[in-house]
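Everything on this sheet refers to the single structure shown next.
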Amino acid sequence: MPLHLLQEFLPGVRLALWHLTEGSDVLRAMFPAETAALCDRAVAGLTSEKRRQERLAARLLLRRLGRADEVIYALSGKPEFADGSAYLSISHTRDWVAVAVANCPVGLDVERWGRRALRVAGRFLSAEEQRLLPPDRAEEVATLLWSAKESLFKVSGREGGDFVRHLQIAPFQYVRSPEVNHLSAMVWQEGKEQSYRVYYLSYPDFVLTLAV
């Protein structure tokens with residue numbers, strides 16, 4: 001079954017995760033006939049098979065969360081419900097798509113484990129944050145922190161922000177387990193600071209982060 005996870009992650013925050021193994025034609029056939037027009041609008045103009053798969057899987061997840069209404073995209077690319085009745089965040093990585101629906105602003109990200117985040121750590125981590133990378137698990141924690149800052153960027157709506165100067169991760173003890181863990185963070189915006197909590201789930205292939 002491609003639906004991997006469906007749960008109320010926090011009070012008022014529902015999360016769904018799809019293991020993407022189907023082609024776009026198969027995904028399209030999973031929608032009820034009466035939603036054909038809405039489904040077609042969701043993928044209109046998308047020529048990439050991968051993008052069509054991701055978009056359709058996200059819409060299927062939203063249906064599983066009880067949301068069959070239309071999703072629109074802001075100029076920044078941020079997805080939103082057309083009626084503004086709830087907050088929404090969507091993310092995807094190779095073979096996985098995740099969505100979060102909430103009654104408060106939320107930012108969601110999924111990232112594959114790998115070396116890339118560590119190689120460019122100086123571009124998104126301050127010198128103090130780089131000291132949070134344990135020598136024996138530096139690649140792993142760098143990937144987590146990259147994902148955490150992506151989630152913070154989404155939840156704060158901070159366009160044009162600098163990941164090093166405006167998004168700050170507090171010291172924490174990294175735990176890789178199937179259980180939910182969290183870290184604290186701060187976003188600087190318009191001379192003010194806003195505190196957030198970033199929850200994370202460590203899977204064998206990727207990490208999922210959720211900022212609220």
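Please specify each residue of the stretch 21-31 satisfying the condition of being in a loop (DSSP other than H, G, I, E, B) and within 15 Å of Ser48 (Cα to Cα). Break it down stepwise before answering.
Of all residues in the stretch 21-31, those in a loop (DSSP other than H, G, I, E, B) come to 21-23, 30-31.
Across the stretch 21-31, the qualifying residues are Glu22, Gly23.
In this structure, Asp136 does not satisfy being within 16 Å of the chain's Cα centre (by Cα) and either at negative phi or basic (Lys, Arg) (or both).
Does the stretch 1-15 contain any residue that is over 16 Å from the mean Cα position of the chain (by Cα) and part of a strand (DSSP E or B)?
Here is the first cut: in the stretch 1-15, the ones over 16 Å from the mean Cα position of the chain (by Cα) are 1-3, 11-12.
Pick out the ones that are also part of a strand (DSSP E or B) and you get 3.
Scanning the stretch 1-15, I find at least one residue that is over 16 Å from the mean Cα position of the chain (by Cα) and part of a strand (DSSP E or B), so the answer is yes.
Annotation note: of Glu34, Glu80, the sole residue that is among the charged types (D, E, K, R) and outside any helix (DSSP H, G or I) is Glu80. Counting only helices (runs of 4 or more DSSP H) that sit completely within the stretch 98-150, those holding 2 or more residues that are farther than 13 Å from Gln168 by Cα correspond to 116-119, 121-124. Within this structure, Phe153 passes the test of being crowded, with 19+ Cβ neighbours inside 10 Å, assigned to a helix (DSSP H, G or I) and touching a Phe, Trp or Tyr at 6+ places or on another chain (Cβ under 9 Å).
Where a number appears in this text, it was derived from the coordinates with a stated rule and is not lab data. Note that the coordinates shown come from a computational prediction; the quantities given were computed from them, not determined experimentally. Cβ: placed from backbone, ideal geometry, glycine included. Neighbour counts: every protein chain shown.
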